[in-house]
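Take a look at the structure set out below.
The values are calculated or read from the model by the stated rules, or taken from the named source; none is laboratory data. Everything quoted here is computed from the prediction, not taken from an experiment. Don't worry about glycine lacking a Cβ; one is built from the backbone with ideal geometry, like all the others, and counts go over all protein chains shown. Surface accessibility is based on the protein's heavy atoms, side chains included, excluding ligands, DNA and RNA. Shrake-Rupley method; radii C 1.70, N 1.55, O 1.52, S 1.80 Å.
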Amino acid sequence: MDVADRVLAVIEAHRHDRGALLPILHGLQAEFGYIDQSVIPLLAKELNLSRADVHGVVTFYRDFRSEPPGRVTVLLCRAEACQAVGAEELVAHAERTIAKIGQTAGNVTLDQVFCLGNCALGPAAQINGRLHGRLTPHELDAAIADQTREESS
Amino acid sequence: MTTVHVPRDSAARSAGADEVAAAFARHPDVRVVRNGSRGMLWLEPLVEVTTDHGRVGYGPVTPDRVPELLDAIRAGADHDLHLGPVDDLPWMRAQNRICLARVGVTDPLSTTDYENHGGIKGLRRALDIGPEATVAEVTESGLRGRGGAGFPAGIKWKTVADTPGELKFVCCNADEGDSGTFADRMLLEGDPFCLIEGMTIAAHAVGATEGYIYIRSEYPDAVTTFRRAVDIAYAHNWLGEDILGRGLRFDLHVRVGAGAYICGEETSMLESLEGKRGVVRAKPPIPAITGLFGRPTVVNNVLTLASVPRILADGGTAYHKLGVERSRGTQVFQLAGNVKHGGVFETDFGISLRDLVEHHGGGTRSGRPVRAVQVGGPLGAYIPESGLDLPMDYEKFAEAGAMLGHGGIVVFDDTVDMAAMARFAFEFCAEESCGKCTPCRVGAVRGVEVIDRITGGEDPDANMALLNDLCDLMTDGSLCAMGGLTPNPVRSALLHFADDFTPRRATS
């Protein structure tokens with residue numbers, strides 16, 4: 001299937017949902033890993049919205065990426081509860097050893113998040129959707145290495 | 001055959017519960033049940049073994065200790081991870097679990113477990129007594145919205161019920177974005193049918209036929225579990241065209257957020273459900289009259305709706321007997337941050353903050369003195385150690401210039417820099433503001449700059465006056481609680497920890 005057909009298949013799956021744009025964008029990100037600018041006119045046409053409306057929604061929400069992420073995505077929690085147990089030290093370590101927040105280096109994308117709901121077991125991180133708690137810099141490195149191995153095998 | 005319970009809750013999994021469950025499953029004579037978490041998160045992975053004396057706890061368990069643990073269990077020998085019967089642990093005994101009655105006890109996706117533990121009784125009774133009496137029970141109970149604002153649920157429901165409309169909605173706000181809160185997540189993962197039942201009762205009460213639950217994307221496990229629960233509920237006639245064979249129709253849709261804190265604000269959540277940018281709406285009109293797609297809509301938090309089945313099952317009067325003053329029933333408190341014993345603790349309103357933090361929470365995890373406690377999420381006030389005797393009650397908190405919010409309690413030890421936390425409050429607001437109103441969108445950015453000037457020693461007195469002025473403006477001029485309450489953490493930090501704001505020289 002070419003890209004347009006894959007996009008249309010996602011739209012079709014949600015065509016009858018009320019307020020379908022968000023479910024469709026989640027579907028597209030699951031399919032492609034990011035929301036390519038080039039799909040916006042197609043979405044606008046199919047959903048009878050203006051391109052500006054679609055662009056506005058895509059850029060409003062932090063989840064929707066404009067570029068493909070690395071094979072491993074690390075979200076570090078920087079909210080208050082994790083700050084109380086050393087989240088900023090963990091962020092400093094990750095920025096030193098991986099990439100700046102919001103950037104990708106090699107296979108790994110580093111980003112921040114405000115709360116993963118693991119507030120009694122901080123500092124917390126989510127690595128490819130899997131929650132981790134009470135992370136030391138060493139454990140963070142090990143968890144990323146494990147995930148990288150898993151994704152490559 | 002030995003039955004062991006190993007939680008499937010994502011916090012327990014973050015501490016290694018999956019690996020522990022796999023280690024047990026390797027033994028052919030062990031049956032592993034994946035329950036929710038009991039909420040004693042410092043003990044996770046907490047394994048429970050079914051015995052003649054009830055469920056006996058061991059924790060925290062690591063996979064390598066599973067074989068020796070099984071040997072000890074079979075031999076009836078003692079073990080250093082042995083905790084005793086879980087229901088008898090002080091943390092459990094001191095609680096009054098209504099919302100969380102089944103969380104950690106049952107298999108979250110077993111309809112049999114759900115019914116055996118009192119589930120569906122509330123819905124049956126609601127159907128028996130009819131919509132009007134159902135609303136009356138909720139009003140009678142004194143239940144107030146658990147999302148933070150504390151609006152009486154019965155009044156909201158009555159407004160929706162009394163508003164004419166062919167199409168009405170029930171929306172559950174599961175966009176639990178406040179740092180230090182995770183009770184919604186634990187309920188979604190640990191007892192999803194309870195929420196489905198609560199939403200169905202609400203639909204019956206107000207005449208709604210369609211429901212939406214908006215779960216934040218940061219909770220992928222909760223989304224997966226809840227979606228499975230909805231499928232099972234349909235298959236079981238707990239949702240759909242003819243619920244329990246009683247002619248009630250209610251369809252429930254699961255929607256996932258996309259990383260915007262502001263979508264926890266109810267009108268912004270409605271915009272997001274409509275497929276738009278999560279921009280706050282001006283009120284009035286209120287969502288009860290003009291809500292989702294302009295239709296009459298109930299918007300309630302997870303814990304509000306999860307309290308409803310029990311209120312219907314036992315009657316509103318029984319619920320009203322719990323709690324104090326105008327704060328009736330129970331609240332699910334969440335002990336988080338730098339706390340030794342963190343987790344969820346459901347009890348009647350009126351318990352003191354000190355009791356929760358020091359007695360049940362055991363003080364800080366670091367072992368250092370408690371310096372500040374933030375209650376009610378990132379928009380809640382910082383309370384100094386000397387203020388911990390405050391009772392947990394909506395009005396008492398408001399009098400003290402603080403708020404209970406969603407019941408999150410974040411503990412900080414004496415190493416915390418309160419000027420940095422005040423700066424963070426503005427930084428967070430700048431990051432998460434929807435941008436619709438100027439006080440919030442611009443004020444948050446200016447707030448960061450002013451605090452930097454104060455701590456940088458640049459004309460501190462004039463900048464302090466400016467900061468106070470900015471806080472006034474944001475409080476009075478913002479469209480919603482995001483900008484309106486951001487001054488809470490800032491002002492409380494200034495009031496109680498003024499020394500932290502004295503100009504400092506760069507140390508590097």
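At a 1.4 Å probe, what is the % contribution of carbon and sulfur to the accessible area of the range B:418-501?
51
With runs of 4+ DSSP H residues as the only contributors, calculate the mean residue ellipticity of chain B at 222 nm using -39,500 (n - 2.57) per run, divided by the residue total and rounded to the nearest 500.
Calculated mean residue ellipticity at 222 nm is -11500 deg cm²/dmol.
What FRET efficiency comes out for the pair A:R18/B:D64, r = Cβ-Cβ distance, R0 = 35 Å, nearest 0.05?
With R0 = 35 Å, the Cβ-Cβ based efficiency is 0.10.
Spin-label point model (7 Å from Cα, Cβ direction): what's the B:E449 to A:S50 distance in nm?
Going by the 7 Å Cα→Cβ label model, 3.0 nm.
Which whole-number percent gives the relative contact order of chain A, counting Cα pairs below 8 Å spaced six or more residues apart? Walk me through the numbers on the way to the answer.
Details: 195 pairs, mean separation 28.3, N = 153.
After rounding, I find 19 percent.
Within chain B, which complete DSSP H helices have Cα atoms spanning at least 18 Å along the helix axis and a mean Kyte-Doolittle hydropathy of 0.5 or higher?
Numbers: long enough: B:192-206 (22 Å, 1.35); B:220-235 (23 Å, 0.16); B:302-314 (19 Å, 1.29); B:418-432 (21 Å, 0.58); B:438-455 (25 Å, 0.32); B:460-477 (25 Å, 0.08).
Membrane-span-like by this criterion, though nothing is claimed about a membrane: B:192-206, B:302-314, B:418-432.
Assuming R0 = 22 Å, can you tell me the calculated FRET efficiency for the pair B:R504 and A:T136, based on Cβ-Cβ distance, to the nearest 0.05?
So, using R0 = 22 Å, E works out to roughly 0.20.
Tell me, what is the per residue accessible area of chain B in Å², probe radius 1.4 Å?
36
Based on C-alpha coordinates, I'd like the Rg and Dmax of the range B:2-93, in Å.
Calculated on Cα positions, Rg and Dmax stand at 11.8, 34 Å.
Roughly how big is chain A's charge dipole about its Cα centre, with Cβ charges of +1 (Lys, Arg) and -1 (Asp, Glu), in debye to the nearest 20? Write down the numbers at each step before the final one.
Values: 14 positive and 20 negative charges, 37 e Å.
Around 180 debye, computed over chain A.
Once the convex hull of the alpha carbons of the range B:237-388 is built, what does its volume come to per residue, in cubic angstrom?
Expressed per residue, the convex hull around the Cα atoms of the range B:237-388 is 180 Å³.
Taking a ≥ b ≥ c as the square roots of the Cα gyration tensor eigenvalues, with a/c under 1.5 meaning rounded and otherwise prolate when a/b beats b/c, else oblate, which class fits the range A:72-152? Provide the component values of the computation, followed by the final result.
Values: a/c = 1.74, a/b = 1.44, b/c = 1.21.
In terms of gyration-tensor shape, prolate.
How big is the gap, in Å, between the Cα center of the range B:217-250 and the Cα center of the range B:433-492?
What the calculation gives is 44 Å, centre to centre.
For the protein assembly as shown, just say rounded, prolate or oblate: build the C-alpha gyration tensor, square-root its eigenvalues into a ≥ b ≥ c, call rounded for a/c under 1.5, and beyond that prolate if a/b exceeds b/c, oblate if not.
Since a/c stays below 1.5, the shape of the protein assembly as shown is classed as rounded.
Can you tell me the convex hull volume per residue for chain B, based on C-alpha atoms, in Å³ to the nearest whole number?
Expressed per residue, the convex hull around the Cα atoms of chain B is 150 Å³.
Please report the buried accessible area for the interface of A with B, total over both chains, probe 1.4 Å, in Å² to the nearest 100. Walk me through the intermediate numbers first.
Numbers: alone 8950 and 19940 Å², together 25170 Å².
The contact between B and A buries close to 3700 Å².
Along the Cα→Cβ direction, 7 angstrom out, place labels at B:S110 and B:I155. What is the inter-label distance in nm?
About 4.3 nm, to one decimal.
Would any residue of the range B:241-262 have its amide N under 19 Å from a label point 7 Å out along Cα→Cβ of A:S66? List them or say none.
B:258-260
Quick check: convex hull of the Cα atoms in the range B:418-501, volume per residue, rounded to a whole Å³?
70
If you average the C-alpha positions of the range B:339-411 and of the range A:35-103 separately, how far apart do those two centres end up, in angstrom?
32
Given a 1.4 Å probe, show me the residues in the range A:118-134 buried by at least 20 Å² of accessible surface when comparing the whole protein assembly to the chain alone.
A:N118, A:C119, A:A120, A:L121, A:Q126, A:G129, A:R130, A:L131, A:R134
Please report the spacing between the Cα centers of the range B:293-325 and the range B:67-137 in Å, no decimals.
20
Within the protein assembly as shown, how many lysine pairs that are 8 or more places apart, or on different chains, have C-alpha atoms less than 19 Å apart?
Step by step, the pairs that qualify in the protein assembly as shown add up to 9.
Indicate the gyration tensor shape class of the range A:1-59 (rounded, prolate or oblate), computed on the Cα atoms with a ≥ b ≥ c the square roots of the eigenvalues: a/c under 1.5 is rounded; otherwise a/b larger than b/c is prolate and the rest oblate.
Since a/c stays below 1.5, the shape of the range A:1-59 is classed as rounded.
Hey, what's the range A:72-152 come to in accessible area per residue, 1.4 Å probe, Å²? Show your work: numbers first, answer last.
Details: 3050 Å² over 81 residues.
Solvent-accessible surface per residue comes out at 38 Å².
Tell me, what % of the accessible area of chain A is carbon and sulfur with a 1.4 angstrom probe?
Using a 1.4 Å probe with all protein chains present, chain A comes out at 49 percent carbon and sulfur.
Using the basic label-point model (7 angstrom from Cα toward the beta carbon), what is the B:A94 to B:H253 distance in nanometres?
Label at B:A94, label at B:H253, 4.5 nm between them.
Across the residues of B:27-35, average count of Cβ atoms on other protein chains within 10 Å?
Neighbouring Cβ atoms belonging to other protein chains average 0 per residue here.
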